[in-house]
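These notes concern the structure reproduced below.
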Amino acid sequence: MIAPPKIAASPPSRKAYPHLTDFARLCEAAGIPSRVTGGDPLRVALGPAQESIRCDNIRYVGLGQDFAKPAREKALRALEILTHAFHEYAAREAVCGRNLFSVPAKPGRPRSAGRPLSAAERMRRMRARPVRNDRSK
């Protein structure tokens, strides 16, 4: 689970978030084109801290143990945090439709079909069932 970011009045220390970049370069490192242009460029600071912080126009993304991973995996994890914790529009648009981050399956019985049956399909199945004649008295 991704924890929501904290909101800070003053920026955290540079030691906690040593890698400062902008959103376009983060997308390049992840191998994903940025789909949003214009406006103030989003600045992202990555670090090994456990928490993520929002302060001014900089998003401080704490990657925890993922900070030691290769650049592409680190950038993808940062995009995931920006998407799901910060709810950043640019990050959501960049990862939209790419099936990069999937929700874990719910426990329980798996569905037999990928989608719900239409009313016509339900009626067709009901009529195809054998008729039980148990009315013996």
Kindly list, by first and then second residue, each pair from a residue in the range 39-62 that is at positive phi to a residue that is modelled with pLDDT of 90 or more and among the hydrophobic types (A, V, I, L, M, F, W, C), limited to pairs with Cβ atoms under 9 Å and residues at least 6 apart or on different chains. G39/A90
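Determine if the range 9-28 includes at least one residue that is in contact (Cβ under 8 Å) with a residue 60 or more places away in the chain and not in a strand (DSSP E or B). Full working, then the answer.
So in the range 9-28, the residues in contact (Cβ under 8 Å) with a residue 60 or more places away in the chain come out as 23, 27.
Applying the additional criterion that residues be not in a strand (DSSP E or B) yields 23, 27.
Taking every residue of the range 9-28 in turn, at least one turns out to be in contact (Cβ under 8 Å) with a residue 60 or more places away in the chain and not in a strand (DSSP E or B).
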The range 49-62: number of residues that are over 19 Å from the mean Cα position of the chain (by Cα) and either over 15 Å from I2 (Cα atoms) or part of a strand (DSSP E or B) (or both): 4
Quick check on my filter: what residues within the range 63-78 are assigned to a helix (DSSP H, G or I) and of a type outside the set (A, V, I, L, M)? G64, Q65, D66, F67, R72, E73, K74, R77
Output the residue which, of all residues in the range 1-56 that are surrounded by 18 or more Cβ atoms within 10 Å (Cβ to Cβ) and of a type in the set (S, T, N, Q), is farthest from H84 (Cα to Cα). S34
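The values are calculated or read from the model by the stated rules, or taken from the named source; none is laboratory data. What you see is a predicted model; the values in this text were computed from it and never measured. Positions of Cβ are backbone-derived with ideal geometry, glycine not excepted, and every protein chain shown enters the neighbour counts.
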